[in-house]
Structure formats: structure tokens, C-alpha cells
Amino acid sequence: MKMVIIGFFLDFEEATLLQKLLQGEGIYCQIVKEGKYWNALVEDKESKKSREIISENSSP
């Protein structure tokens, strides 16, 4: 699964708040510690769509 950073240089409270808000909307959000800051990542929907199209086109 390809992930895209949507928030960076966040403190832990900001990162967890963003994660909770996105999860409330049904969007999976992963937070990752980078040094003393946190990054928020979500799945890249565009690459997922292109993978689905490729798999649909490759079926006989």
C-alpha cells in the first residue's frame, strides 16, 4: 500500500487528533515518528485506482 504524507512536523497531540478526525470520516491514517516530530500518512487513492484498473484489464 502506497502512503502519502498529509501532515508533517506535528507534535503527538496534533498527529493523534488528525488521525481521529480522518478515521471518523472512514479514512485510514497512520502516524509515524520522525525524530522529535510526527508525520500523518494516508493511502494514496490514485495509485489504488490505477492498480484496480490494471487488474481489471489483465483478467481474461
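The values are calculated or read from the model by the stated rules, or taken from the named source; none is laboratory data. Not measured: the values here are computed from a predicted model. For neighbour counting, all protein chains shown are included, and Cβ atoms are generated from backbone atoms with ideal geometry for every residue, glycine included.
Screening Asn57 with (1) within 10 Å of the chain's Cα centre (by Cα); (2) at pLDDT below 85 gives one miss only, at (1).
Scanning the range 41-48 for residues that are at pLDDT 75 or above and surrounded by fewer than 14 Cβ atoms within 10 Å (Cβ to Cβ) turns up nothing. The C-beta contact set for the range 28-43 (first residue without any contact (Cβ under 8 Å) to a residue 40 or more places away in the chain, second residue among the hydroxyl-bearing types (Ser, Thr, Tyr), distance under 8 angstrom, 6+ apart or interchain) comprises Ile31/Thr16; Val42/Tyr28. The set of residues from the range 12-30 being under 17 Å from Lys45 (Cα atoms) and out of contact with any strand residue (DSSP E or B) (no Cβ under 7 Å at 6 or more places or on another chain) comprises Glu25, Gly26. If only residues of the range 7-36 that are of a type in the set (Phe, Trp, Tyr) and outside any loop (DSSP other than H, G, I, E, B) are counted, the one that is modelled with the highest pLDDT is Phe12.
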